[in-house]
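Remarks on the structure that follows.
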Amino acid sequence: MIETREPILKVRDLAVEFTLGSNGLFGGKKILRAVKGVSFDLYQGETLGIVGESGCGKSTLSRAIIRLLPATAGEAVWLGRDIQKMNSNELLDLRKDIQMIFQDPLASLNPRMTAGDIIAEPLKIHMPNIGKAERAVRVAEMMQKVGLLPTMINKYPHEFSGGQCQRIGIARALITNPKLIICDEAVSALDVSIRAQVVNLLMDLQKELGISLLFISHDIAVVRHIAQRIMVLYFGEVVEIGEAEQVTMDPHHDYTKRLIASVPVPDPKVEMERREERRRLRKAAAKAA
Amino acid sequence: MPGLTGKDQVLTDYANKLAVLDAPKGRSLTQDALRRLSKNKAAVVSIGIVVLIILVAFIGPYFVPWGYSEVDWTSIRKPPDFDKGHYLGTDQNGRDMLARVLQGTQMSLIVAAVATVVSVTIGVVYGAVSGYFGGRVDSLMMRFVDVMYALPYILFVIILVVMFGRNPVLLFVGIGAIEWLTMARIVRGQTLSIKEKEFIEAARASGAKPFAIIMRHIVPNLSGPVVIYATLTIPEIIIAESFLSYLGLGVQEPQTSLGTLISAGAPVAEVLPWMLLGPAAVLVTLLLCLTYIGDGLRDALDPKDR
Ligand SMILES: Nc1ncnc2c1ncn2[C@@H]1O[C@H](COP(=O)(O)OP(=O)(O)OP(=O)(O)O)[C@@H](O)[C@H]1O
Ligand SMILES: [Mg+2]
């Protein structure tokens, strides 16, 4: 059913390269291909999980999609318009429609601003016409929605816990009524119990507001919980993309199997079998190399 | 359930407004730093002394019997004389030393304040812009700083004097315009590390313009090194002023400054010691206190670095 609709985001053969400074007098410039031709579609109201180990280009891909980094090839099409070709007005609209939630809850908040000012900032940028009182009310409502007390509006980030900081980040992302939120390792830095709370909050908000999520994580267990579809990245390439159920239960690619095998399981017997399986895979990989 | 009249909605809004109105204030980082500073005895005492010096320098002249350029023909080169109201003695021209020290302190403080404000403003903006934009803009802007460093500032000052005449305030705007170089370098370095922080990326992702990012997110987070460096700039400028006045480029008679007074008092220190002791005591106290304040601020703003 989903497939019959037009995707809100179409990514086609997107590639990002970094030019590293030359080392030595005669060393030529090195080119690091962080993302190598990634394609996928994202539909409205859907959650696409992106998994892969550290350094495989997940963050780079997400930053290229919203043009925080220039793509070297391919295109990302948002609601029919190529992001690379947008003019400054269109880009401003894009920044309103796509918001981000970051990995480090505290570092993603300006330590010199109050929670209220942080949440209100996108509102000031995108809706400069609304008055101060109206803005305060919207911020207070948003704080309630993400489970923060509106009376904390004048507190500074260092006065909040990690989970609360991430809720401030979520409130900031939601305040402009975006259509897509990119969560880059949004829960990785949180304690396990708080992680579950924040993931559930995200899922509830998504259901309520009908937004799409790009949920980036190296933890396939969390992604399986939140995402309908999963895309597996390996050294900047998509090795597998499909329904969450299918990718996690019946992975096609070896790398996906290894990723899934690395998730600890509470059952000792299953865990034992897993360990056995991992050993076998490693041996096979070593032989292949 | 929202009622037919939307009363619930109105009430919620109202409740929200109330909640926001009496929301308790948070502890900002600046307040934290001030609290730590207030625990540092040396710094608190130094701040007290500096404030006292400032007050006395600006209010004192109204209570002193003699003006700073007034000549008392009956007492020339006289040691302190309480009957005539020359509490610190007189100089070779029969002018009251206390009045002159007060005026000189005033002048040195004004000069230091003007030059520091100018150098901090230019340095912060220049350094933040250079560091934030990076790449070619950065190399170009920093090469310019390097070139300016290489120019002897005396040359610069002489050009300024030739262009604007001997106006002390203008001159020290000029000095401030040279002193900013180090500030710009410090700020650029700080900016390079701040701009990698996630909250800068968050601001970019939500569409903030570069100027807004620099002013709202980078500059406020620079306060630590900037404040510390500023407290170090003040004594540097007071000393530069003394040097220039000694060369005859700075403050002109009958006005005076701490540096001028000291350079006038030093050659006659053996016969007329009161001419040196007064201004020297004020200058040394001021410099010592500023050093303690700088130290205290460094500890208060960077508690982790200790
Ligand atoms: N600005 C940059 N300049 C040069 N290389 C970069 C830059 N940013 C990222 N890289 C490199 O690109 C590759 C992909 O990095 P990226 O941050 O996208 O990985 P990631 O999947 O997000 O990893 P993690 O899970 O650790 O966040 C890495 O090898 C990284 O070193
Ligand atoms: Mg990353």
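The values are calculated or read from the model by the stated rules, or taken from the named source; none is laboratory data. Just so it is clear, the model here is predicted, and its values are computed rather than measured. Cβ coordinates were reconstructed from backbone atoms using ideal geometry, including for glycine residues, and neighbour counts include every protein chain displayed. These area figures cover heavy atoms from the full protein model, side chains too; ligands, DNA and RNA do not enter into them. Shrake-Rupley method; radii C 1.70, N 1.55, O 1.52, S 1.80 Å.
Here are the numbers for the structure shown:
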read-out: Too-long pairs where the Cα-Cα distance tops 29 Å, listed order kept, from A:LYS207/B:LYS195; A:LYS30/A:LYS179; A:LYS179/B:LYS197; value: A:LYS207/B:LYS195; A:LYS30/A:LYS179
read-out: Cα-based equivalent ellipsoid, chain B: semi-axes from gyration tensor eigenvalues, Å; value: 48, 27, 17
read-out: Selection of trypsin sites (Lys or Arg not before Pro), region B:69-168, meeting DSSP coil and at most 16 other Cβ within 10 Å; value: B:ARG77, B:LYS84, B:ARG166
read-out: DSSP beta bridge pairing in the protein assembly as shown, given as percent antiparallel to the nearest 5; value: 60
read-out: Convex hull volume of region A:2-252 per residue (C-alpha atoms, cubic angstrom); value: 153
read-out: Accessible area in the full protein assembly, largest first, 1.4 Å probe, for A:TYR255, B:TYR132; value: B:TYR132, A:TYR255
read-out: For region B:200-218 versus region A:90-113, the gap between their alpha-carbon centres in whole angstrom; value: 9
read-out: Solvent-accessible area per residue, Å², over region A:99-164 with all protein chains present [probe radius 1.4 Å]; value: 38
read-out: Between 0 and 90°, nearest 10: helix A:88-97 axis offset from chain A longest Cα axis; value: 80
read-out: Label point 7 Å beyond Cα of A:ASN177 along Cβ direction - residues of region A:191-214 with amide nitrogen under 14 Å; value: A:209-211
read-out: Rounded to the nearest 10 Å², the accessible area of A:MET249 at probe 1.4 Å; value: 140
read-out: Heavy atoms of A:HIS218: accessible area, 1.4 Å probe, square angstrom to 10; value: 100
read-out: Sequence-separation-based contact order of chain B, relative, with Cα cut under 8 Å and 6+ spacing, percent; value: 24
read-out: Helix A:132-145 vs. chain A, principal-axis angle (Cα, 0 to 90°, nearest 10); value: 40
read-out: For region B:220-287, Kirkwood radius (reciprocal of mean inverse C-alpha pair distance, Å); value: 13.2
read-out: Check: the protein assembly as shown dipole with +1 on Lys, Arg Cβ and -1 on Asp, Glu Cβ, in debye; value: 780
read-out: Förster radius 60 Å - calculated FRET efficiency between A:LYS269 and B:ASP302, Cβ distance, rounded to 0.05; value: 0.65
read-out: Net charge dipole size for chain B [Lys, Arg +1 and Asp, Glu -1 on Cβ; Debye, nearest 20]; value: 880
read-out: Relative contact order, percent, region A:2-252 [alpha-carbon distance under 8 Å, six or more residues apart]; value: 27
read-out: Calculated FRET value between B:ASP146 and A:ILE130, using beta carbons and R₀ = 51 Å, to 0.05; value: 0.60
read-out: Around B:VAL44: net Lys/Arg minus Asp/Glu count, Cβ-Cβ under 14 Å; value: +2
read-out: Region B:48-81 and region B:101-138: distance between their alpha carbon centers, rounded to Å; value: 31
read-out: Cα-based shape type of region A:122-184, given that a ≥ b ≥ c are square roots of the gyration tensor eigenvalues and the cut on a/c is 1.5; value: oblate
read-out: Approximate spin-label separation A:SER188-B:ALA269, in nm, with each point projected 7 Å along Cα-to-Cβ; value: 6.4
read-out: Translational diffusion coefficient (Stokes-Einstein; Kirkwood radius from C-alpha pairs) of the protein assembly as shown at 25 °C, 0.890 mPa s, in µm²/s; value: 85
read-out: All Cα pairs of region B:115-168, percent lying beyond 19 Å; value: 45
read-out: Theoretical FRET efficiency, 1/(1+(r/R0)^6), r = Cβ-Cβ of A:GLN246 and B:THR30, R0 45 Å, to 0.05; value: 0.25
read-out: Principal-axis tilt of helix A:162-174 within chain A, Cα atoms, nearest 10 degrees; value: 70
read-out: Rounded to the nearest 10 Å², the accessible area of A:LYS30 at probe 1.4 Å; value: 110
read-out: Kyte-Doolittle mean at least 1.0, axial Cα span of 20 Å or more - DSSP H helices of chain B; value: B:41-59, B:97-133, B:168-194, B:223-246, B:274-301
read-out: Solvent exposure, largest accessible area first (probe 1.4 Å, DNA, RNA and ligands not counted), of A:GLU121, A:GLU53; value: A:GLU53, A:GLU121
read-out: Stretch in chain B that is longest and holds no GluC sites (Glu not before Pro) that DSSP places in a loop and that have at most 16 other beta carbons within 10 Å; value: B:71-195
read-out: GNM top mover of A:THR47, A:THR72, A:THR151 - chain A, alpha-carbon springs below 10 Å; value: A:THR151
read-out: Extended-chain gain in nm, criterion 0.36 nm per residue less alpha-carbon gap, B:ILE154 and B:SER38; value: 37.8 nm
